[in-house]
Amino acid sequence: MKRYLRRVVLATALLTPCAARADGTNGALDALKQQMQQLQQKIQELETAKTSAPPTSVTVPAGAVTPEQLKEVDEKVDKVVEAQKKTLMSEFNPSIGLVGETVFSYRSRNSSETSSNRPGGFDIWQRSVELNVAASVDPFAKGYVVANASADAATGESTFGIEEAALQTTSLPWNLELKAGRFFGEFGKLEYIHDHELPMVNRPLAIDQYIGGESRTDGLQLNWLVPVEHYVSWTVGVGDSFGGDSPPSDPGGFRSIDELNYWSRLSTYFDLTPDWQAEMGVSGLFNPRTNDRGGIDAQTGPGGLPMTEHERRLGGLDFQVRYVPLRDNQFRSLTWGTELLYSDNRYLVDPDGTPGDGDEFSRSVGSFGMYSYLTWKLHRQWSTGFLFDYVQNAENEHDITYACSPYVTWALSHWNQLRLQYTYTDHNAVSGLKSDDAVYLQWAWIIGAHSHGWQQR
Amino acid sequence: MKLFRLLLMAGMIASAAQAKVCVVTTLTDLADFTREVGDDLVEVRSLATGIEDTHGVPMKPSFVPVMNRADLIVLVGFDCEHAFLPALLEASKNPRIQKGNVGYVDCAKGITPLDVPKSTDHSEGDVHPYGNPHYTLDPVLAKTAVAEICDALVAFAPEHEAEFKRNRDAYLAKLDAKIAEWKTEAAPIKGAAFVSYHEHWPYFAKRFGLKYFGTVELKPGIDPTARHIEELVSSMKAEHVPIVVGEPQFPEKVPRLIAEQAGVTLVKLPIMPGGVPGTDTYIEMMDYIIKTMVAAVKK
């Protein structure tokens, strides 16, 4: 303050001589002296006031934050910080879930008349108890295991096995994803769906016939999301085996590269309208040399001649049309799914059953199978549907089976579901089997974590 | 020469389009916030159109190429999108937007959740382990989401920091003005109780001083039983609950039945912009909700 006043006085003194000269009077100098004295007096007064006055409280300007408000904000921030610290007990553990599935059934014929692995009459079958464990391995991959225990059809004893145990990359460049281990290979549409997630009780006959149940493999699979505006996905894979009930070629021997299974699938999708969707795919499976695959070494072909499979070829075409209303899709939807499969396996026919004596010849069997189903969800808890099956035997295309299965599903919740299904199965005369009626009641439940991956959508 | 110029222009237009930050949001309220903050510097696509259930957006493969090219995925968080987002993220094969990376924008960061369950046991239904995720129906908490989106945009495109912050501040000021207006409008319904189909409204009720009485659903994701409906109707009568809120994502039959039996008003309220006609933006949606609730109580 003092310095400021001195500057003002000095500036005034420097500037005023011109004016003083202009006036030409001494009166101006007197006035200046007087002003200086007044200013000095003012400075003294201010200094006295500063030293003698008690400290004044800080006045808060209108609209500024009060201490109470600050405290409130602090409390809120603390709450947020605490919320961010909150962790669940399972936060650092893998997600774990368990699926149980019991099938109660009645079949009008015994297994020798139907070729089923389940007995005729009344049957209660704990089809699976499935333990699912999944977690990220690191920032680059995730891992998952599906272990399954089920009751043996003949003895009732539980058998425990690993259905899937695979590592899947999550950050490969160029839209690539690699999967390795034991997993369900991507072929068709329902082949890689677990039993309890199928829209019907049993896997369609054509898949059982040509794949051998679910598309399980010990192998390596590469998926590529084609970098275009439209959804196009391409998968290629190689594995020891392909099919849950289809063991690898040449077990225990020396396996050459042409004894492995190779598969591929190309799929795409269209939004027909915001509520209607269409998805389609084409799949192929090739095993150039399948000697001794799964013990298929002494089949009886047409004419009763013994034959051995030596090449496996399978092609598939699948499409699915779905009505999934945006507004209330949890309460109503419609799905129509169809898959066409063509098997063109090569067999070595040995008329006299003595290998290597020169009378063997190769025979190709082209057989066709398909299934088509329609499922209508009419309520959050209720859905109904119909499945049609048609399949020719992969070793003898004249051996034909077809089946019709209406079903109704009651989902008490997302984790507890009952399904009632009737199946009429008919075989033609070539098969030597008899038609039969069956009623199934499937009860499936889930505890713990359960999420649907992209494949199971 | 002419062709060369045309190609050059096309290239320039294409590169200009590419310069925009490509953002995918799960729901339409987040898309609206992102457009407000990003303006013409962002290209926004919402997976939901507004009429879906927030937990049940269909997993369309057509979303996959869009997410594959996204720079940011903006989500509600608190496991709101658990039924569809994890699988879509996996299918997108886009490392930028995977959880833990900068492109994964969880707007629940900074929100104190309500109704955090003590147990995640399924006997309590399809509970959200981190708490109720419907916080954007509280406009004050929605401001936190706006700020989060702005921070993510700034982190991704720091060269546009000034524009993003200017847009954010302008939108937050607009929201503040509207919040004051909504509070005034909602003053007459303070203390009024209501029932809704799903647990969408605890944050809204808390903000505007309403009493959230219960849900039509037995538990989250579990359909009501006859006994639950009966008990709900009798307790609504006893407590003089005047409103049943039917979210458009759920069938109207049961809420209507409850409203008729309890002799109260049934209103249809959107849970995100676009849920009912004339609610294309967040502000329009909140305007609609407040006006409809006030009108229902006055009836």
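The values are calculated or read from the model by the stated rules, or taken from the named source; none is laboratory data. Not measured: the values here are computed from a predicted model. We place every Cβ from the backbone using ideal geometry, glycine too, and count neighbours over all the protein chains shown. When the accessible area is computed, the model is the full protein with side chains, heavy atoms only, and any ligands, DNA or RNA have been set aside. Shrake-Rupley method; radii C 1.70, N 1.55, O 1.52, S 1.80 Å.
Worth pointing out:
- Hey, B:Pro251 free of Cβ contacts under 8 Å to residues at least 12 places away in the same chain, open to solvent by 20 Å² or more (accessible area, probe 1.4 Å) and within 22 Å of B:Gly125 (Cβ to Cβ) or not: yes
- Evaluating A:Trp454 against the criteria (1) in the same structural domain as A:Gly121 (by TED's automatic domain parsing); (2) aromatic (Phe, Trp, Tyr); (3) under 33 Å from the mean Cα position of the chain (by Cα); (4) open to solvent by less than 50 Å² (accessible area, probe 1.4 Å) leaves one unmet condition, (1).
- Leading residue by the ranking (farthest from A:Gly448 (Cα to Cα)) among those in region B:95-116 that are more than 8 Å from chain A (Cβ to nearest Cβ), assigned to a loop (DSSP other than H, G, I, E, B) and not small (Gly, Ala, Ser): B:Val102
- Candidate set: region A:211-259, residues that are within 14 Å of chain B (Cβ to nearest Cβ), touching a residue at least 12 places away in the same chain (Cβ under 8 Å) and in a loop (DSSP other than H, G, I, E, B); chosen: the one farthest from A:Val201 (Cα to Cα): A:Pro227
- Scan of region B:55-80 for residues that are under 30 Å from A:Val73 (Cα atoms) and in a loop (DSSP other than H, G, I, E, B), ordered by number: B:Val76, B:Gly77, B:Phe78, B:Asp79, B:Cys80
- Subset tally (residues that are without any contact (Cβ under 8 Å) to a residue 24 or more places away in the chain, more than 14 Å from chain B (Cβ to nearest Cβ) and either closer than 26 Å to A:Trp276 by Cβ or touching an Asp or Glu at 6+ places or on another chain (Cβ under 7 Å) (or both)) for region A:312-356: 1
- Residue list for region B:261-299, restricted to those being closer than 18 Å to B:Thr49 by Cβ and under 12 Å from the mean Cα position of the chain (by Cα): B:Pro270, B:Ile271, B:Met272, B:Pro273, B:Gly274, B:Gly275, B:Thr281, B:Tyr282, B:Met285
- Of the helices (runs of 4 or more DSSP H) lying entirely inside region B:207-299, those containing at least 3 residues that are at pLDDT 95 or above are B:282-298.
- Within region B:213-240, the only residue that satisfies the criterion of being within 14 Å of chain A (Cβ to nearest Cβ), out of contact with any Ser or Thr (no Cβ under 8 Å at 6 or more places or on another chain) and β-branched (Val, Ile, Thr) is B:Thr225.
- Looking only at region B:191-219, and only at residues there that are among the charged types (D, E, K, R) and in contact with a helix residue (DSSP H, G or I) (Cβ under 7 Å, 6 or more places away or on another chain), the one that is most open to solvent (accessible area, probe 1.4 Å): B:Lys211
- Residues in region B:117-131 that are under 15 Å from B:His198 (Cβ atoms) and not in a loop (DSSP other than H, G, I, E, B): B:Glu124 only.
Per-residue answers, yes or no, for (1) within 9 Å of another protein chain (Cβ to nearest Cβ); (2) farther than 30 Å from B:Ile179 by Cβ:
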| site | (1), (2) |
| --- | --- |
| B:Pro61 | yes, yes |
| B:Met67 | no, yes |
| B:Ala70 | no, yes |
| B:Leu85 | no, no |
| B:Asn132 | no, no |
| B:Leu137 | no, no |
